[in-house]
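A.B. asks: After the structure tokens below, expect a handful of questions from me.
Readers should treat all values here as calculations from the given coordinates under stated rules, not as data from a laboratory. Since this is a predicted model, take the numbers as computed values, not measurements. All Cβ positions, glycine included, derive from the backbone under ideal geometry; neighbour counts span all protein chains shown.
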Amino acid sequence: MIWKQLKTVRDPEIPVNIVDLGLVYAASAFDVEGGKRIEVRMTLTAPGCAMSGVIKAEVVRKLAALPDVREVNVEVVFDPPWDKSRMSEAAKLQLGFDSDYGASRGPAAALKILR
């Protein structure tokens, strides 16, 4: 349920949910008195992201709406740093990237021989 709910949170600047963007590194639920505490470890596409407060607040709001949730803790981290290779195939297609965008191709792939 947690991951399904997180998929409803979108980055306001990118029309893709934060799970498919690869922004969520971990999400767990723990028993606490009277219900559950959800802890999320996530990042942003850039450390200076102007939408960081909006995204974090949306994550808290959506997860707090789940049944029996009493607490939500969202930790925004930048280690490891986010890069486009963390995106799902669906996100890459939605944003118009090739399915192997961000994959290491080695030095030979950088050269194109024209005849």
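A.B. asks: Just for the range 22-39: of the residues that are within 13 Å of the chain's Cα centre (by Cα) and buried (at least 22 other Cβ atoms within 10 Å of the Cβ), which one is farthest from Glu71 (Cα to Cα)?
C.D. replies: Leu23
A.B. asks: I would also like to ask the following. Within the range 54-79, track down each residue that is loosely packed, with under 15 Cβ neighbours inside 10 Å and either closer than 19 Å to Arg37 by Cα or touching a residue at least 12 places away in the same chain (Cβ under 8 Å) (or both).
C.D. replies: If the condition is that a residue be loosely packed, with under 15 Cβ neighbours inside 10 Å and either closer than 19 Å to Arg37 by Cα or touching a residue at least 12 places away in the same chain (Cβ under 8 Å) (or both), then Val54, Ala57, Arg61, Ala64, Ala65, Pro67, Asp68, Arg70, Asn73, Glu75, Val77, Phe78 are the ones that fit.
A.B. asks: Which of the residues that make up the range 86-103 are surrounded by 12 or more Cβ atoms within 10 Å (Cβ to Cβ), free of Cβ contacts under 8 Å to residues at least 40 places away in the same chain and among the small types (Gly, Ala, Ser)?
C.D. replies: Residue satisfying the conditions is Gly102 alone.
A.B. asks: Next up: Name the single residue that is farthest from the chain's Cα centre (by Cα) among those in the range 1-21 being acidic (Asp, Glu) and closer than 22 Å to Leu66 by Cα.
C.D. replies: The initial filter retains those residues of the range 1-21 that are acidic (Asp, Glu), namely 11, 13, 20.
From what is left, the residues that are closer than 22 Å to Leu66 by Cα are 11, 20.
Numbers: Asp11: 9, Asp20: 6 Å.
Only one residue tops the list, namely Asp11.
A.B. asks: Could you grab the pairs with beta carbons closer than 8 Å, sequence gap of 6+ or different chains, first residue in the range 11-32 and more than 17 Å from Lys84 (Cα to Cα), second one among the hydroxyl-bearing types (Ser, Thr, Tyr) and buried (at least 18 other Cβ atoms within 10 Å of the Cβ)?
C.D. replies: Close Cβ pairs satisfying both conditions: none exist.
A.B. asks: Step by step: first the residues of the range 40-49, then only those that are under 13 Å from the mean Cα position of the chain (by Cα) and surrounded by 15 or more Cβ atoms within 10 Å (Cβ to Cβ), then the one that is farthest from Lys84 (Cα to Cα). Which residue is that? Spell out the reasoning first.
C.D. replies: At the first step, the residues of the range 40-49 found to be under 13 Å from the mean Cα position of the chain (by Cα) are 40-46.
In the following step, the residues that additionally are surrounded by 15 or more Cβ atoms within 10 Å (Cβ to Cβ) were identified as 40, 42-45.
On the way: Val40: 20, Met42: 15, Thr43: 13, Leu44: 11, Thr45: 9 Å.
Ranking the candidates gives Val40 first.
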